[in-house]
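Peer 1: The structure's right below; bear with me while I get my questions together.
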Amino acid sequence: MTAIDEVFAPGGPIEQALSGFEARPGQLQMAQLIERGFLEGMHTIVEAGTGVGKSLAYLVPALRSGKKIVISTGTIALQEQLYHKDIPLVTRALGIPARVTLLKGRNHYLCKQKLENMRADRLLAPSRTMQQIWEWGARTQTGDRAELPFLPSGDEWEQLDADADDCVGEYCEHFRECFFFKKRDEAKFADMVIVNHALFFLDLAMGGGLLPPYDFVVLDEAHQCERWATAALTATLSRGTIGRMLRKLHRSYMVPAHFDAEFERGLRGFESVLARVPGDRYPLHANEEAWPALESLRESLFKLENWLYANWHEALKRKPANDAEAERRRDLAMRAILAHEATIERAQAPSDTAIAWVERGDADGSYQLNSAPYDVSEYLRGMLFERTQSVVLTSATIADNGSREEAFEFLKRSLGVADAQELIAPSPFDYPSQARLYVAPPELNPKTPNFAKLAAPLIEECLDRSRGRAFVLFTSHARLREVYALLRERVAFPIRLQGELPRMHLLEWFRKTPNAVLFATGTFWEGIDVVGEQLSCVIIDRLPFPSPRDPLVQARIEALEARGLSGFDHYMIPSAIVRLKQGFGRLVRSKTDRGMVALLDGRAASSRYGALILQALPPATRITHLDELTEFFNA
Ligand code: SF4
């Protein structure tokens, strides 16, 4: 077999397959290390700066290995890019045929049985969109809802999705041609399976069953792994989850209506009690009144469980093909009830490793109870890193230390990676000439009440210098709205606020509108790719430390301090570095992009931790006066 450096060399197979390809030392180093990890059974961690070309750097050794590989990513955009562009390119270049499957979670696929039942129950579709789904359902070959030209509402799609709780598997008459099961079978025979982190970590949490067995794993956008692993292990009880459970029961059984009324009463009481403690997220133990409300919900769940136990056969709406199917349906329904009971029990039982917290929904003000381990490292060590021969963790932003010593300490500790070969593959971009970094003077402190008033003129000046073409990013919605209200009438460029349009439409507006300015928060910190001068300025309001009031953050910090480590040094600073690098990373996406980042948090210039955080950013030229931008932007 050709040595891997020849694959990436000038005139080599990749250059022949990809016009405009330039050999990059960081990409080759990364590919060599990953190949060695596959051959010798070692885990590999690589931070690949923007422009390194990390997907080719792992796809080439992955295809050459001849092993079964799962590639998991954080965003749909990256999955699509791998599936439609990068993998075909590498297979063509290497001349290695590969069977590749992009597998999504069950709820992305249409359930033929549900569609058939629904159409049999009603003559007409209940809405225009449902009519469109019915028509599409009759002709689709994949059942993947991404084919629809619109995103169906959660409530509508739930009535038709292939969710496990509604599926009787081999007892279903459509089992052989079921969209989800066909896709899962395809994945069994594939050389490479592409999934998202939600599905990957859910499979781990369920002990397998969603993904076929695999030899190696590549976790791209690995800075999101802790979040997704925690989410997969989080048990939730809310109006939404109880409502879903009841709707599922109603689809299969003639459930007496008094249960709906009883749960509605219980949920109203539960939510009003949870609303008495202020804050969007707080630990459950901070609200003693929650216990009786939870007990009352548990009583209702017990009653429902007993009713189902007594009536699972007679109350079925549709005659089952046989007793086994009826039993399967009962077990599925029972599983949803028992899961809610278990969530209450977990929340009530104190534990050294898990916490329970209350969370307020953004949109409707409803509340949910969550329970999860705050530390997933032991679990991942046992379930993933000790069981898989080689795991590759990569991202443009996973090193938490500019000095490169122990650069991945934060990632390794939070994910439970004991041993791995490591590499920082620096970006090939010329940051000193392509980017400017402005840090506000020390007096500008986001913790002071007059911050918005002081920051607004500075933002206005930055926007004047960059002629708009900017993202103005905030760490909180409240601060976003406050500053936007001050500047909305003053900014001389087209300006929009996150939420005015759906995210994708807002991005499209930004890409197409000359000199546009977008005020946004969280979701625009990462996964956004605006190449070219349309995005020339990124303004960030403050160092993005996690909220110390967040119960999960509190628990993680307390655990570190119990081990004699500083929570600030070992959790808050590395978290802020990874997050800030993501925000910074929106700016320079190609060798010709130029632009400035303005950090409005003066603490970055005046504190020890500020220096540490700035040191970890890409090496943009630091400026102290915005005047210096005139020449930069006019060049
Ligand atoms: S096998 Fe399950 S998911 Fe597939 S069509 Fe039947 S019930 Fe729906």
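Peer 1: Would you check if R139 is basic (K, R), loosely packed, with under 15 Cβ neighbours inside 10 Å and within 13 Å of the ligand (Cβ to nearest atom)?
Peer 2: Against the criterion (basic (K, R), loosely packed, with under 15 Cβ neighbours inside 10 Å and within 13 Å of the ligand (Cβ to nearest atom)), R139 does not qualify.
Peer 1: Which one of G240, G269, G208, G279 is surrounded by fewer than 19 Cβ atoms within 10 Å (Cβ to Cβ), within 30 Å of P97 (Cβ to Cβ) and modelled with pLDDT under 95?
Peer 2: Exactly one of G240, G269, G208, G279 is surrounded by fewer than 19 Cβ atoms within 10 Å (Cβ to Cβ), within 30 Å of P97 (Cβ to Cβ) and modelled with pLDDT under 95, namely G208.
Peer 1: To continue, here is another question. Test V255 against the stated conditions and say whether it is outside any helix (DSSP H, G or I), more than 16 Å from the ligand (Cβ to nearest atom) and either more than 28 Å from D400 (Cα to Cα) or among the basic types (K, R) (or both).
Peer 2: Spelling it out, V255 is indeed outside any helix (DSSP H, G or I), more than 16 Å from the ligand (Cβ to nearest atom) and either more than 28 Å from D400 (Cα to Cα) or among the basic types (K, R) (or both).
Peer 1: Kindly state which helices (runs of 4 or more DSSP H) lie completely within region 360-472 and contain at least 1 residues that are without any contact (Cβ under 8 Å) to a residue 60 or more places away in the chain.
Peer 2: 377-380, 451-466
Peer 1: Starting from region 503-525, keep only residues that are assigned by TED's automatic domain parsing to the domain that holds D541, then list their pairs with residues that are in a helix (DSSP H, G or I) and among the β-branched types (V, I, T) whose Cβ atoms are within a distance under 7 Å, requiring at least 6 positions of separation or different chains.
Peer 2: R503/T523
Peer 1: Do we find that E186 is in a loop (DSSP other than H, G, I, E, B), within 16 Å of the ligand (Cβ to nearest atom) and closer than 19 Å to R106 by Cα in this structure?
Peer 2: Judged against the criteria, E186 is not a match.
Peer 1: When you go through (1) within 15 Å of the ligand (Cβ to nearest atom); (2) in the same structural domain as S414 (by TED's automatic domain parsing) one by one for L199, which number turns out not to apply?
Peer 2: Looking at each condition in turn, L199 falls short on (1).
Peer 1: Continuing with the same structure: Determine if region 160-182 includes at least one residue that is at negative phi and more than 15 Å from the ligand (Cβ to nearest atom).
Peer 2: no
Peer 1: All but one of (1) out of contact with any Phe, Trp or Tyr (no Cβ under 7 Å at 6 or more places or on another chain); (2) of a type in the set (S, T, Y); (3) more than 16 Å from the ligand (Cβ to nearest atom) hold for T129, so report the exception by its number.
Peer 2: Of everything listed in (1) out of contact with any Phe, Trp or Tyr (no Cβ under 7 Å at 6 or more places or on another chain); (2) of a type in the set (S, T, Y); (3) more than 16 Å from the ligand (Cβ to nearest atom), T129 misses just condition (1).
Peer 1: Select from region 142-159 the residues that are within 16 Å of the ligand (Cβ to nearest atom) and assigned to a loop (DSSP other than H, G, I, E, B) and write down the one among them that is surrounded by the fewest Cβ atoms within 10 Å (Cβ to Cβ).
Peer 2: The residue in question is T142.
Peer 1: Please determine whether any residue of region 110-125 is at pLDDT 95 or above, within 16 Å of the ligand (Cβ to nearest atom) and outside any helix (DSSP H, G or I).
Peer 2: Within region 110-125, one or more residues are at pLDDT 95 or above, within 16 Å of the ligand (Cβ to nearest atom) and outside any helix (DSSP H, G or I).
Peer 1: Could you list all residues from region 187-209 that are more than 16 Å from the chain's Cα centre (by Cα) and of a type in the set (D, E, K, R)?
Peer 2: K188, D191
The values are calculated or read from the model by the stated rules, or taken from the named source; none is laboratory data. Values in this document were obtained by computation on a predicted structure and should not be read as measured data. Here Cβ is always computed from backbone atoms with ideal geometry, including for glycine, and neighbour counts include all displayed protein chains.
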